[in-house]
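Here's the structure we're looking at; comments come further down.
Just so it is clear, none of the values below were taken in a lab; they were calculated from the coordinates. Every value quoted in this text rests on a predicted model; they were computed, and no experiment measured them. Ideal geometry is used to build each Cβ from the backbone, glycine not excepted, and the neighbour counts take in all protein chains shown.
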Amino acid sequence: MIERRHLAPPIGRVVATEQKPATPHQFHFWTANETTIGIGAIVRVAEGRGTGEGGRVVYGVVTDGFAYSDLATPLHDVVGAEGNPARAAESPTVRQEIRLWTAAVLRQTPEEPLQPVPLGEVHVASDVDVAQALRMDTYLGGAQPTAIPVGLYTSGGLEAPVYVDADFLLGPEAAHLNISGVSGLATKTSAVEFVLASIFQHFPPHKGRVAAVCFNVKGPDLCFLDRPGALQEEDRRRYERLAVEPEPFQRVRYYAPFKADGVNLNTLRTHPDLVGDVEPLVWGLREVLDYAEVLLNRDDIDAKADAFIDFLADRVVDKEFEDGFGGEHRVVTFADLERLFRSIFDGLELASRGGDSWRTHHIATMRKVRNRLANISTRCKGLVTDDGPSNDLPWGRFEDRTVYVVDVANVDPLGQDLVFARVVSQLRERLERRDLGVDAVVVFVDELNKYAPADGPETYVKKMLLDISERGRYLGLVLFGAEQFRSQVHRRVVGNAGTVVFGRMDADELATPGYQVLSPAIKIKLATLPIGELMVRHPHFTQPIFVRFPRPAVLRGRDGVERYPPAADLPFEDAVARQLVKLDRRVRPNQVKDVIADRREEDVRRALAHTRQARPQDALAYFKRLLGGRVAAVPAAARESVAPLNPISDEPY
Ligand SMILES: Nc1ncnc2c1ncn2[C@@H]1O[C@H](COP(=O)(O)OP(=O)(O)OP(=O)(O)O)[C@@H](O)[C@H]1O
Ligand SMILES: [Mg+2]
């Protein structure tokens, strides 16, 4: 629908004086006192009186406004009213008043030579003008359009869809999105949900397949992305205008670690109707060891410990290994590793020389690494298993337009770091090798200030987020970050975001140096922005633009937990039974309870994990067979002598 608004009468006229000249980047114009123009409005200036045919056309966005009369000083007004404000309105002559506006230039056509804005008529912008002004024409049309709708520019009863360029939002030209603003009013999480939906529906076919990995770090925020939410008429209208279907995500996969009991899932999506599609996230020794740097660098990065971890990862884990004291080991699990440590320490003690190093590694280094590893398996019990197979995201089999939600909201910070590090590194490696299953992945990290703070130590996670920010765009690895205060996030992480979005802002935050480029009027607008309105900066837009977006069409976290209240933790046997039923609908819970009565919990957990991994036809029979004795990693007699993998510290950790 093309509106030819600029043929309508002008709403203003450019003025330029010696004091306030027009420049190539800024101009002033006046309007009638009654006008629809406001801060953020987009206008079109055509040279002379006509429509700009053949002449220069300039698009601008209003950044400031002034009102004044012909009075030289306020004193004249006071004298005129004899000092009585009530009489000021009775003055016999109506004073001349002016509405004067300042606008920043968005675009000039022709672009060369760049000249001051001509003294022409000012019109409000139509849909077509908005597309021109924001340079959206370059990616809206053509053989392979790359436009992704993000919201509606709205001003004076006119609205126009605003699109960002997929090549600049998701790479390779630029990438990443950062959104900030105060809690609750800025609609950060909602805006990201909407933009993701829009990307899934408008991602250009020639760019291939796209998926999203969302870390749920706060309560039930992202636990119901597949459930429809309540929309209002106005939301539906906005969806229609933006050509986005108002529906929840069609394909969502949920991953959550277990709680410490190893059988109940550590997430708020545990309502019986929904818990069925939550996959456990369980990692073993191999998965942890590859990212052991995450565990070490927090306080005491140590080259010797690093070298010992590398030795374990390269030479010991998953290999036949001889400990030098006559013991043969095949270390696959934490429990196996603990046995190896015991055998080495016992061996060293018994050795007549009583040496304090083993294969060039000092005993103190080995103890330290052993304690750190024991520490993670204790603090993140449920995520990290002592033994038993792991269960991970579907690496290599990522599906198109699918959201993978990784729920780490209730995981220990150390465990959260481990999850971030491993998931993001895997994404990076697989995208590099082009064997992830999709061509681009959006990684959404809410509360980014926690993971990439402006100050504080250089943690592994921070380095990794910096790495995505700086190099991800070539790989299709895209970071969508949200935080309350942009100034609290590492400069290079926010600085590399091509698209920057602001919701309602805190006035103190606006006073920090990062916002000096904004005019006082824009700052006021940001500090009072209504819910559902955002300010967007994008590489194609010369100036920030205000847009409105509809509520996301998914169930809000807090409505979700009301509609689907999380189930209470199940007793051990029931939780095990439920998981087996999930694998095989024919399984009857009572059968399971009979099978596991009198069994040790760790044996049951291990058998369950193996069954989950094998996905056999007859889950119960398989499970029974495993429990029948073949599950045990070591013979029952030897098992008694194996200490539990607790901090076995004889030094502080
Ligand atoms: N487009 C919209 N129009 C109207 N209301 C909206 C819109 N988007 C979101 N909301 C409402 O605004 C509220 C806050 O949204 P949201 O949780 O996304 O904010 P947030 O910035 O992520 O907050 P927090 O910092 O606490 O995480 C929600 O109740 C949501 O329903
Ligand atoms: Mg939020």
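Simple rule: put +1 on each Lys or Arg Cβ and -1 on each Asp or Glu Cβ in the chain, find the dipole, and look at Thr17, Val79, Gly326; the Cα lying farthest toward the positive end is Gly326. Between amide H atoms placed 1.01 Å from N, distances below 5 Å from Val489 occur with Ala454, all of them 5 or more places distant or on a separate chain. Rounded if a/c is under 1.5, else prolate if a/b beats b/c, else oblate: with a ≥ b ≥ c from the C-alpha gyration tensor eigenvalues square-rooted, which is region 148-192? Oblate, since a/c reaches 1.5 and b/c is not below a/b.
FRET efficiency for the pair Leu140 and Glu247, taken as 1/(1 + (r/R0)^6) with r the Cβ-Cβ distance and R0 = 35 Å, rounds to 0.90. Distant-in-sequence amide contacts of Val384, defined by a placed amide H-H separation under 5 Å and a gap of 5 or more residues or a different chain, comprise Trp283. Computed packing ranks the peptides 432-440, 232-240 as 432-440, 232-240, most packed first, by mean other Cβ atoms within 10 Å. With a Förster radius of 22 Å applied to the C-beta separation of Ala511 and His25, the computed FRET efficiency comes to 0.35. In plain terms, the chain from Ile524 to Asn371 could stretch by 49.7 nm, reckoned as 0.36 nm per residue minus the Cα-Cα distance. Please compute the net charge surrounding Glu429, taking Lys and Arg as +1 and Asp and Glu as -1 over other residues with Cβ under 11 Å from its Cβ. For residues surrounding Glu429, the net value is +2. Based on Cα contacts under 8 Å between residues 6+ apart, the chain shows a relative contact order of 19 percent. Computed from backbone phi, the HN-Hα couplings of region 157-174 come to x, 10, 9, 9, x, 10, 10, 9, 9, 4, 5, 9, 9, 10, x, x, 5, 8 Hz, rounded to whole numbers (Karplus: 6.51 cos²θ - 1.76 cosθ + 1.60, θ = phi - 60°; Gly and Pro given as x).
Any chance you could check the Cα centroid distance between region 145-161 and region 574-628 for me, in angstrom? Measuring centre to centre over Cα atoms gives 54 Å. Shown for the chain is the translational diffusion coefficient from the Stokes-Einstein equation, using the Kirkwood radius over Cα pairs, a temperature of 37 °C and a viscosity of 0.692 mPa s: 115 µm²/s. Compared with the alpha-carbon gap, the fully stretched path from Asp618 to Tyr68 is longer by 189.6 nm at 0.36 nm per residue. By the Kirkwood approach, averaging reciprocal distances over each pair of separate Cα atoms, region 570-627 gets a hydrodynamic radius of 10.9 Å.
Each Lys or Arg adds one and each Asp or Glu takes one away; over the other residues whose Cβ falls under 11 Å from the Cβ of Ala577, this sums to +1. Considering only Leu373, Val317, Thr360, the residue lying farthest towards the positive end of the dipole of region 286-379 is Leu373, judged by Cα position with unit charges set on Cβ.
Within the chain, DSSP assigns beta bridges of which about 65% are antiparallel (rounded to the nearest 5).
Once you reduce region 235-300 and region 341-414 to the center of their Cα atoms, the two points are 22 Å from each other. A straight Cα-to-Cα reach below 30 Å connects Lys218 with the lysines Lys188, Lys259, Lys381, Lys450, Lys462, Lys463, Lys523, Lys525, Lys582, residues fewer than 8 places away in its own chain not being considered. Averaging the Cα positions of each part gives two centres, and for region 112-138 and region 492-513 these lie 27 Å apart. Here, region 4-133 has an Rg and a Dmax of 17.5, 56 Å when only alpha carbons are counted. Taking 0.36 nm per residue of sequence separation and removing the Cα-Cα distance, the Leu114/Ala8 pair yields an extension gain of 35.4 nm.
Over region 286-379, the alpha carbon radius of gyration divided by the compact-protein estimate 2.2 N^0.38 Å works out to 1.04. Working ranking of peptides 522-531, 415-424 by packing, defined as the average number of other Cβ atoms within 10 Å per residue, highest first, is 415-424, 522-531. The HN-Hα couplings worked out from phi for region 584-594 by the Karplus form 6.51 cos²θ - 1.76 cosθ + 1.60 (θ = phi - 60°) are 8, 5, 6, 5, 9, x, 5, 4, 4, 4, 4 Hz, whole numbers, x standing for Gly and Pro.
The angle separating the long axis of helix 233-242 from the principal Cα axis of greatest extent in the chain is about 90 degrees. Scalar couplings 3J(HN,Hα) for region 607-618, obtained by applying the Karplus form with A = 6.51, B = -1.76, C = 1.60 to θ = phi - 60°, are 4, 5, 4, 5, 5, 4, 5, 7, 6, x, 4, 9 Hz; x denotes Gly and Pro.
Amide H contacts of Thr402 (H built 1.01 Å from N, in plane; Pro and chain starts excluded): Ala212 sit under 5 Å, all sequence-distant by 5 or more or on other chains.
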